[in-house]
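Here the structure is laid out as structure tokens; the discussion comes afterwards.
The values are calculated or read from the model by the stated rules, or taken from the named source; none is laboratory data. Only a predicted model underlies this, so the values are computations on that prediction, with no experimental measurement involved. Here the Cβ positions follow ideal geometry from the backbone for every residue, glycine too, while neighbour counts run over all protein chains shown. Remember, those area values only see protein heavy atoms, side chains included, never the ligands or the DNA or RNA. Shrake-Rupley method; radii C 1.70, N 1.55, O 1.52, S 1.80 Å.
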Amino acid sequence: MGVSLLQKFLLIWMVVVVESFNSPRNSKCEFKAIFNFGDSNSDTGGFWAAFPAQSGPFGMTYFKKPVGRASDGRLIVDFLESNRLPSPDIFGKSIYSFYIGQNDFTSNLAAIGIGGVQQYLPRVVYQIAGTIKELYAIGGRTFLVLNLAPVGCYPALLVELPHNSSDIDQFGCLISYNNAVVDYNNLLKQTLAQTRISLPNASLIYVDAHSVLLELFRHPTSHGLKYGTKACCGYGEGAYNFDPRVYCGNTKVINGSTVTATACSDPYNYVSWDGIHATEAANKIVAKAILSGSYFDPPFPIDKLCDIHSID
């Protein structure tokens, strides 16, 4: 069977997370591991293990040093870990999580615009479905597919993408780009529903992380945060604290002056870490929402299958 470019990409980025499904080691959990397929939103160190160049301030909140995560601390998948190692039926008794699509969306926006991206993204959706079918064929039975975040609220896109004031909503986010995300998420949800029919005895769950993140960007103070569309780690201060010429942790000469994109002292008050990725604080809130089961479609009794304890 041929392997698509996306499927190759997914396999390269596959991360097996084996620690705790937010449950003590002696607690009950039906799942032996999490196999995660994703981009930098959920890569727990694969890229930097291959190309070790990451520096501070990444990792400053939790690990106290860079550990390959594109955040100040833990990612969503770090809060959704499983502590049971490789049994004979590990493929059938593991969770396969997918958190991918953002790079396909954002990297093409400037080049081909929203219209081009909207034509391109269906291929991403269909290849995700194809990968799920291949995993099902080797024994996978439980799949969690996270939808795309509201990238129109990202500081990096607010700075870099062309727009006018009429395209900014009351929360400071890009209306047209977020609408395009909603179109993509609807297609993803519909495609997973169709795919589900052909996978008997499988749990194929659409996870609406988008709604949680959109709420955080719109109402950060309602969730114990302060800043929605402003990056913690960046350069330029202002409304977004993001300058595409100097990325988080880097130093560069701009207009004859040496500048460094540094981190704020309180990342726990921010939704956005570096203009592109979320802070540990935001990831923790999203993970809690996911574990509550309120954002699964169809409903999935994760609390009945694993003993869940509070996230610290």
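Couple of notes before you dig in:
- Residue match in the range 49-56 (condition: farther than 23 Å from C264 by Cα, part of a loop (DSSP other than H, G, I, E, B) and open to solvent by 40 Å² or more (accessible area, probe 1.4 Å)): yes
- Test: residue in the range 127-138 that is at pLDDT 90 or above and on the phi > 0 side of the Ramachandran plot: no
- Subset tally (residues that are in contact (Cβ under 8 Å) with a residue 24 or more places away in the chain, at negative phi and in a loop (DSSP other than H, G, I, E, B)) for the range 267-293: 5
- Flag if P244 is more than 29 Å from I168 (Cβ to Cβ) and either open to solvent by 60 Å² or more (accessible area, probe 1.4 Å) or of a type outside the set (V, I, T) (or both): no
- Some residue of the range 119-139 being out of contact with any strand residue (DSSP E or B) (no Cβ under 9 Å at 6 or more places or on another chain), closer than 18 Å to A289 by Cα and open to solvent by 60 Å² or more (accessible area, probe 1.4 Å): no
- Among the residues making up the range 245-266, those that are among the polar types (S, T, N, Q) and within 23 Å of K64 (Cα to Cα) are N250, T251, T260, T262, S265.
- Just so you know, in the range 269-312 the residues that are among the basic types (K, R) and modelled with pLDDT under 95 include one that is most open to solvent (accessible area, probe 1.4 Å), and it is K304.
- Residue within the range 35-45 that is at pLDDT below 80, among the hydroxyl-bearing types (S, T, Y) and assigned to a loop (DSSP other than H, G, I, E, B) present: no
- Test result for T258, touching a residue at least 60 places away in the same chain (Cβ under 8 Å), open to solvent by 60 Å² or more (accessible area, probe 1.4 Å) and either touching a strand residue (DSSP E or B) at 6+ places or on another chain (Cβ under 7 Å) or within 20 Å of Q54 (Cα to Cα) (or both): no
- Of all residues in the range 152-170, those satisfying the criterion of being open to solvent by less than 60 Å² (accessible area, probe 1.4 Å) and over 21 Å from V246 (Cβ atoms) are G152, C153, D167, I168, D169.
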